[in-house]
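Trainee: Sharing a structure with you now.
The values are calculated or read from the model by the stated rules, or taken from the named source; none is laboratory data. Computed from a predicted structure; not experimentally measured. Counting neighbours? That spans all protein chains shown, and the Cβs are built from the backbone with ideal geometry, glycine included. Just the protein is used for accessible areas: all its heavy atoms, side chains included, with ligands, DNA and RNA removed. Shrake-Rupley method; radii C 1.70, N 1.55, O 1.52, S 1.80 Å.
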Amino acid sequence: MYNTREIIEKLTAVMSVTGSEESAKEELCSFFSEPFDEYIPHRSGSHIFVKRCNKENAPRLMIDTHFDEIGMAVTGIEEDGFLRVCSMGGIDRRSLPASVVTVYGKEAIQGVIVSKSPHLQAAGESKKAPKMDEILIDTGYTKEKLSQIVEIGTPVGFSEKCVPLGERRIVSRGLDNKASCAAAYICARDIKKEDMCCDLYVVLSSREEVGGSFGAVSTAYTINPCIAVITDVTFAASPGVGDWESGKLGGGPVISLSAVTDKRLTNDIRHICEENHISYGITVDATDTGTNATMISLTGDGIPTAVVSIPIRSMHTYSETADISDIENTARLFELCIKEEKLYE
């Protein structure tokens, strides 16, 4: 049985630059599908995993955890092995210079984003984030050779890196949202069928990072769940971040209070935490949770939704930081939700 750190390492190693999630099917089915009864590929590029309770007319719980991650796509091949790119998702451009990337062409090749030496920068240039049309990736190949491997539109992701930080924290690319995927996997692995009062549908939804919740909406329509818990990441407390808009690393899952989520379901999940001594945080998201919740809640006849998030630092960079205990406590909360009959009344 894999421990939590190993699960995160496996998930973050899977390429899932937004728009290319369907390419992960083989790797996901060889690892992620183990605790589930069925895998359903979806035309949206999303991946649906089902664990049934084997009870007649059982209610359906959908846990939506988007699988795509920020990245880039090739827009041009220049002389001397340089690539031009555009962003796929909201990359923090300040972190790009000198970062190591993987170009997923006919074969995966490494590259490094060109960084202009401070000796050559004009006054004030170091204070500005580079524009995407100024970004160049150095691959070390000739243009002729590179053109045989890479074409326009080829996805580019940050290179694999999953390292421990202290005793209980981990730094990696793609923790937005592989941290939540790990929580959903652990929940499905650990819960016993005889304890389930619902059928569990875990959706690794596509294209969240480009807005519109394309994968989440279409899969919600397909599943038509009784309730949906949207799990994503949220901002972790750090200097300059308000308490009402962040969670504490190691402080447990973070529950969103918002006009777009279902109040009864949200309160019930809070009570589950309190009754079972699970520490949790609260964010106030007013009319926008920044997740798939809004669009899922409007799907079909309407689906009651709640948002449970995992706090991370350095969001939308290649060095996102999470606390393993938050992932494990989120998984435990999901287990309790699957057992709690009153959620489905």
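Trainee: Taking 0.36 nm per residue of separation and subtracting the Cα-Cα distance, what length does fully extending Leu165 through Ser23 add? Intermediate results must be reported in sequence, preceding the final value.
Mentor: Values: separation 142, 0.36 × 142 = 51.12 nm, distance 3.02 nm.
Taking 0.36 nm per residue and subtracting the Cα distance, the gain is 48.1 nm.
Trainee: Around Cys273, under 12 Å between beta carbons, what's the net of Lys plus Arg minus Asp minus Glu among the other residues?
Mentor: Details: positive: Arg270, Arg332; negative: Asp268, Glu274, Glu275, Glu340.
Here the charged neighbours net out to -2.
Trainee: Right, another one. Taking the chain as a Gaussian network, Cα atoms linked when under 10 Å apart, which of Asp92, Asp80, Asp301 shows the biggest mean-square fluctuation?
Mentor: Among Asp92, Asp80, Asp301, the largest GNM mean-square fluctuation belongs to Asp301.
Trainee: Tally Lys/Arg at +1 and Asp/Glu at -1 over every other residue whose Cβ is under 13 Å from the Cβ of Gly166; what's the total?
Mentor: With Lys, Arg at +1 and Asp, Glu at -1, the net is +2.
Trainee: Can you give me the long-range amide H partners of Ile282? Hydrogens built in the peptide plane at 1.01 Å from N, cutoff under 5 Å, separation of 5 or more residues or another chain.
Mentor: Ile255
Trainee: Please give, to one decimal in nm, the separation of the simple spin-label points placed at Leu298 and Val284, each 7 Å out from Cα toward the Cβ.
Mentor: Simple spin-label model gives 2.5 nm for this pair.
Trainee: Right, here's the next one. Only bridges whose two residues both fall in region 1-134 count here: according to DSSP, what percent of them are antiparallel, nearest 5?
Mentor: Once the DSSP bridges in region 1-134 are tallied, antiparallel ones form about 95 percent.
Trainee: Can you give me the Cα centroid spacing of region 26-72 and region 139-179 in angstrom?
Mentor: 24
Trainee: Can you give the accessible area of Cys86, probe radius 1.4 Å, in Å² rounded to 10?
Mentor: Result for Cys86: roughly 50 Å² accessible.
Trainee: Now for a separate question. Expected output is a single nm value to one decimal: the length gained when fully extending between Asn224 and Ala13, i.e. 0.36 nm times separation in residues minus the C-alpha distance. What is it?
Mentor: On the way: separation 211, 0.36 × 211 = 75.96 nm, distance 3.11 nm.
Extending this stretch completely gives an extra 72.9 nm.
Trainee: What size of dipole, in debye to the nearest 20, comes out for the chain about its Cα centre when the only charges are +1 on Lys and Arg C-beta atoms and -1 on Asp and Glu C-beta atoms?
Mentor: Dipole of the chain, to the nearest 20 debye: 420 debye.
Trainee: Each label point is 7 Å from the Cα along the Cα-to-Cβ direction; what then is the distance between the points at Met132 and Glu151, in nm?
Mentor: 2.1
Trainee: Given Lys51/Lys106; Lys25/Lys193; Lys106/Lys131, which pairs have Cα atoms separated by over 31 Å?
Mentor: Lys51/Lys106
Trainee: Using a simple charge model, +1 on the beta-carbon of Lys and Arg, -1 on the beta-carbon of Asp and Glu, nothing else, what dipole does region 129-197 show about its Cα centre, in debye to the nearest 20? Before the final figure, lay out the partial values.
Mentor: Details: 11 positive and 11 negative charges, 47 e Å.
Roughly 220 debye, rounded to the nearest 20.
Trainee: Same structure again: Could you work out the percent of alpha carbon pairs in region 229-345 separated by over 21 Å, rounded to a whole number?
Mentor: For region 229-345, the share of Cα pairs beyond 21 Å comes to 35 percent.
Trainee: Over region 208-345, what percent of the accessible surface lies on carbon and sulfur atoms, probe 1.4 Å?
Mentor: 51
Trainee: Related question: Using a Förster distance of 25 Å, how high is the FRET efficiency between Asp195 and Asp243, based on the Cβ-Cβ distance and rounded to 0.05?
Mentor: The pair Asp195/Asp243 has a calculated efficiency of 0.10.
Trainee: Right, another one. Within region 1-67, report the chymotrypsin sites (Phe, Trp or Tyr not before Pro) that DSSP leaves as loop and that have at most 10 other Cβ atoms within 10 Å. Present the calculation step by step, with values, prior to reporting the outcome.
Mentor: Working: sites: Tyr2, Phe31, Phe32, Phe36, Tyr39, Phe49, Phe67; in loops: Tyr2, Phe32, Phe36, Phe67.
Sites meeting the loop and neighbour criteria: none at all.
Trainee: Still on this model: Each residue of region 85-101 in order: what ³J(HN,Hα) in whole Hz does its phi give by Karplus 6.51 cos²θ - 1.76 cosθ + 1.60, θ = phi - 60°, with x for Gly and Pro?
Mentor: Calculated HN-Hα couplings, in order: 9, 10, 7, 10, x, x, 5, 7, 5, 5, 8, 6, x, 6, 6, 8, 10 Hz.
Trainee: Suppose all protein chains stay in the model; what accessible area per residue would a 1.4 Å probe give for the chain, in Å²?
Mentor: On the way: 15360 Å² over 345 residues.
Using a 1.4 Å probe on heavy atoms only, each residue of the chain averages 45 Å².
Trainee: Rounded to the nearest 20 debye, what is the charge dipole size of region 49-180 about its Cα centre when +1 sits on each Lys and Arg Cβ and -1 on each Asp and Glu Cβ?
Mentor: 620
Trainee: Summing +1 for each Lys or Arg and -1 for each Asp or Glu, what net charge is found among the other residues whose Cβ lies under 14 Å from the Cβ of Ile312?
Mentor: Net charge in that neighbourhood comes out at -2.
Trainee: Counting only DSSP beta bridges with both residues in the chain, tell me the antiparallel percent, nearest 5.
Mentor: Percent antiparallel among DSSP bridges in the chain is about 65.
Trainee: Another one. Take every DSSP beta bridge with both residues inside region 202-345 and express the antiparallel ones as a percent of the total, to the nearest 5.
Mentor: 20
Trainee: What ³J(HN,Hα) values, in whole Hz, does the Karplus curve 6.51 cos²θ - 1.76 cosθ + 1.60 give for region 43-54 when θ = phi - 60°, with x put for Gly and Pro?
Mentor: Result, ordered by residue: 5, 6, x, 6, 10, 10, 10, 10, 10, 9, 8, 6 Hz.
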